[in-house]
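Notes follow once the structure below has been shown.
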Amino acid sequence: MRDPYEVLGVDRKANAGDIKSAYRRLAKKLHPDANKNDPKAATRFAELNAAHELLGDDDKRKAFDRGEIDAEGKPRFRGFEGFSGGAGPGAGYGGYGPDANFESFNFGPEGFTRPTRRGRGGGFGFEDILKEAFGQAGRRPQTGARGNFGPEDFAVGADVHASLTVTLPEAARGVTQRLRLPTGKDVDVKIPAGIGSGQQIRLKGQGMAGQGGAGDVLITVSIAPHPVFALEGADIRLDLPITLYEAVLGAKVRVPTLDRPVEITIPPWTSSGRTFRLKGKGFPAKTGRGDLLATVRIALPEGSDSELEALMKSWKSEKGYDPRKDL
């Protein structure tokens, strides 16, 4: 990664406020949502976030300025200072140079032990080597320390949130859709059959990159309104229009479902508002598939019909009735 000061466009003497202002200004400019046609927008935005994460943390910034970590926050390893034996020029790590005698370690019940050729023995466990090199686990880097990094310096990257809308039939049977994330990356999202509106799908390791690995992508799924069906839990409702003569005389009519149309029988003298239940024709659920509830609505022909009007007038005068008498 480039120098974080260069990425943010600030001087090395910039204060914390200058760094924050520069980040906010560039974040609006470089955000992938504002650069949907630029394939490199996500890369630049990720670089900006990494630069701000480093310079926005006072300890990390000081460590970078001292040359202890690089632009990605990784330690620049300089050897195990604790191993130095005070050797003169030409000595290598731990005081063992080309002219020094090789010193071996023996492994026993107490871990690695140093031979007593210098007049002193004692245990020298392998875990001590690690502690000497990297410091106690969980401690933050101290001023002047080298190679002493805690878990927070190797944090997992941020999660990315996105949304996806599917149709009711797609949600019922399951579907795979391609989605462009806010980072600019395209992913194939598998929608399981029976997913509900508002539920989330997690894509492991597809989020923003971090020192300890990438975060996740959390996709919130919405089900678009359907022109015919209305979802109620696992049941599906629809209004089923029938003619006046089908309501009086009875008929066989086709009813749409999420799969394919089925035929039901409308008994003679069926009133508007009567509901027919079609078992197992609803939405998938953990306890089984719901039902389809078809409610009859009597539909009159479009436009006027003088013969029908004359019939209704005769019917009214001779056989009038009041369906609202109990209201």
- request: Go through the stretch 198-275 and name the chymotrypsin sites (Phe, Trp or Tyr not before Pro) that are in a DSSP coil and have 15 or fewer other Cβ atoms within 10 Å of their Cβ.
  value: TRP269
field: Straight-distance crosslink candidates among lysines, where the alpha carbon sits under 16 Å from LYS13 and sequence neighbours closer than 8 are dropped
entry: LYS60, LYS62
message: Per residue, how much accessible surface does the stretch 208-327 expose to a 1.4 Å probe? Answer in Å², no decimals.
response: 68 Å²
task: Grab the other residues whose beta carbon is less than 13 angstrom from that of THR265, score K and R as +1, D and E as -1, and report the net.
output: +1
Candidate lysines - alpha carbon under 20 Å from LYS190, same-chain residues fewer than 8 apart omitted: LYS204, LYS286
message: Please enumerate, by chain and number, the lysines with C-alpha under 19 Å from the C-alpha of LYS40, excluding those fewer than 8 residues away in the same chain.
response: LYS28, LYS29, LYS185
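The values are calculated or read from the model by the stated rules, or taken from the named source; none is laboratory data. Keep in mind it's a predicted model, so treat the numbers as computed, not measured. Cβ coordinates were reconstructed from backbone atoms using ideal geometry, including for glycine residues, and neighbour counts include every protein chain displayed. Note: accessible area is taken over every heavy atom of the protein model, side chains too, but ligands, DNA and RNA are not part of it. Shrake-Rupley method; radii C 1.70, N 1.55, O 1.52, S 1.80 Å.
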